[in-house]
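Here's the structure, in structure tokens; my notes come after.
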Amino acid sequence: MLKEYLPILILLIFAFVFAFGILLLSHFVGPRKYSDVKGEPYESGIKPFMDARVRFSVKFYIIAVLFIIFDVEIVFLYPWVVVYKEIVSQGIFIFIEMIVFVVILLIGYFYLWKRGAFEWE
Amino acid sequence: MVDLIIELVIIILKIGIVIGAVMMGVAYMTLAERRLSGFIQDRLGPNRAGPQGLLQPFADGIKLFFKEDFIPDSAEKLLFFIAPGMIFVPALCVIAVIPFGDSLNIFGREIQLRIADVNIGILYIFAIASLGVYGIVLGGWSANNKYTLFGSLRSVAQMISYELALGLSVMGVLMITGSLRLTEVVEVQRSYFFGFIPHWNIFLQPVAFIIFITAAFAETNRLPFDLVEAEQELVGGYHTEYNSMKWGLYFLSEYANVITASAVITTLFFGGWHLPWIEKIPMPQILLELLQIGSFVLKTAFFSIFFIWVRWTFPRFKYNQLMSLGWKVFLPIAILNVLVTGLFYAIFS
């Protein structure tokens, strides 16, 4: 069982070495010339004002919360999907069960829609 | 013990070949992108380095290595340095579960043509692919620049929104297969309808295919959904402050993601390595295997080219259009698609 994951582990190690090898190599190979102006953050040629740690729209947080909710629902659906074909041939119960699940999910979904959670003005 | 060593050698060889192929694919996709965009816009594109510009990717790579590796004063140094690595590692690892052929018989040893054959196949792809978000958000935040911050925020919001549609659209295919293992997804597609039309999932799940490929565009941050680096608003988006090979890694990851997405689309909807009608022609086993690998590479290349083609054909969406398309159109349609597929099996069994 765990043996199946051995190649993935090796690939992961390989990818890490590869990625950080490239980063380190380019870090040491390139020339280096420092100047104060170069060190400033880029703002299309204007002198930078304010820090970049600014407040941003709460919408992004809402999207993140909604994603968590729906993603968990999708994870619940996966086992159902995988066994569906076998079990539905013995009876329709599994289908009705899922209709109930999806209807509850959709009630929440349309509530969010009505509250304007998906609106970007 | 000897057996174990041979097995390890085989694994390492497979990893080397697959990653080598992906990196070569990435290198030549950058060239293909520039040449094709040239042809689409009625100009030539880079054609100086080598015949038809074939050495251009290597010239670019060497140039990037010898650029100054500069970190802005205001940046969080450590995070700024590792963020490109954090997007590149998942981009390389996703390809591991995709079968690129059936199995080769060399020296009496059966070699499965995939790096790993795990039973959670498709979930592994989604799990690892979404880790790429961290590279983008950390890179954008740590540069301490307003453009990069907003670029990375947009990117994350877009990627997680479309991940839902992506996850739901695959369910129809999994319902047909009854397994998450990608080997079995391909296996099911090897039969024929009426004896001659290949049993590819595209014919059974066209709606899922359209949702999946569109969501894949959003996931890879490619035009028409490249709000992340909308030049007019955000300069270069989340990698504005990056240069030399650190920028190069973001660039390579984007193309590696496109190739992986193409390979996943091929596997899920276009029969993977299955080359239709070829089994009926008698030929040596090894030739058949090579043809099948060739057909997988060809299909993947086709979709990669398709990504480029779309990029230079469609204008960019607005951000509110992008979000409402994902949440208000694709999400309900994808749920409906699952239910309709379920209803179909409920009636016909």
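The values are calculated or read from the model by the stated rules, or taken from the named source; none is laboratory data. Worth saying up front: this structure is predicted, and the values here are computed from it rather than measured. Glycine gets a Cβ as well: all are built from the backbone with ideal geometry, and neighbour counts include every protein chain shown. Note: areas computed on protein heavy atoms with side chains; ligands, DNA, RNA excluded. Shrake-Rupley method; radii C 1.70, N 1.55, O 1.52, S 1.80 Å.
Summary of values
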| read-out | value |
| --- | --- |
| Test item: A:109-120 mean partner chain Cβ contacts at 10 Å | 3 |
| Burial ranking of peptide ranges B:243-249, A:66-72 (average Cβ count within 10 Å, highest at the top) | B:243-249, A:66-72 |
| Cα Rg, Dmax, the protein assembly as shown, angstrom units | 23.4, 74 |
| Calculated [θ] (222 nm, deg cm²/dmol) that DSSP helices of n ≥ 4 give over chain B, each run adding -39,500 (n - 2.57) | -21500 deg cm²/dmol |
| Carbon + sulfur, % of accessible area of chain A - ligands and nucleic acids excluded, 1.4 Å | 73 |
| Directionally averaged shadow of the range B:111-265, computed from the convex hull of its alpha-carbon atoms, nm² | 10.7 |
| Rounded percent of accessible protein surface that carbon and sulfur make up, chain B, 1.4 Å probe | 73 |
| Surface accessible to a 1.4 Å probe, per residue, for the residues of chain B, Å² | 40 |
| Order by protection proxy (mean Cβ within 10 Å, highest first), peptides B:149-162, A:25-38 | B:149-162, A:25-38 |
| Cβ neighbours within 10 Å from other chains - mean over B:65-74 | 6 |
| 10 Å Cβ neighbours from other chains, averaged over peptide B:239-247 | 3 |
| Ellipticity estimate at 222 nm from DSSP helix runs (n ≥ 4, -39,500 (n - 2.57)) divided over chain A, nearest 500 | -23000 deg cm²/dmol |
| Contact surface B-A: accessible area buried, both sides summed, square angstrom, 1.4 angstrom probe | 7000 |
| Cβ-based charge dipole, the range A:58-115, positive-most Cα from A:Gln90, A:Trp80, A:Val58 | A:Val58 |
| Rounded, prolate or oblate (a/c below 1.5 giving rounded, otherwise prolate when a/b exceeds b/c) for chain A by Cα gyration tensor | oblate |
| 0 to 90° range, to nearest 10: angle between helix A:59-88 axis and chain A longest Cα axis | 40 |
| Shape category assigned to the range B:238-349 from the gyration tensor of Cα positions, a/c cut at 1.5 | oblate |
| Alpha-carbon Rg/Rh ratio, for the range B:186-287, with Rh computed the Kirkwood way | 1.17 |
| Accessible area per residue, Å², chain A with all protein chains present, probe 1.4 Å | 67 |
| Packing rank of A:2-13, B:210-221, B:84-95, where each peptide gets the mean count of other beta carbons within 10 Å, highest leading | B:84-95, B:210-221, A:2-13 |
| Point-charge dipole on Cβ atoms (K/R +1, D/E -1) for the protein assembly as shown, about Cα centre, debye to 20 | 760 |
| Cut-off 14 Å between beta-carbons: net charge of the residues surrounding B:Ile211, Lys and Arg +1, Asp and Glu -1 | -1 |
| Within straight-line cross-link reach of A:Lys47, lysines at Cα separation under 26 Å, skipping those fewer than 8 residues along the same chain | A:Lys33, A:Lys38, B:Lys67, B:Lys77, B:Lys146, B:Lys246 |
| Relative compactness, chain B, computed as alpha-carbon Rg over 2.2 N^0.38 Å | 1.04 |
| Whole-Hz ³J(HN,Hα) from phi, Karplus 6.51 cos²θ - 1.76 cosθ + 1.60, for the range B:166-174, glycine and proline x | 4, x, 6, 5, 5, 4, x, 5, 5 |
| All Cα pairs of the range A:58-115, percent lying beyond 12 Å | 73 |
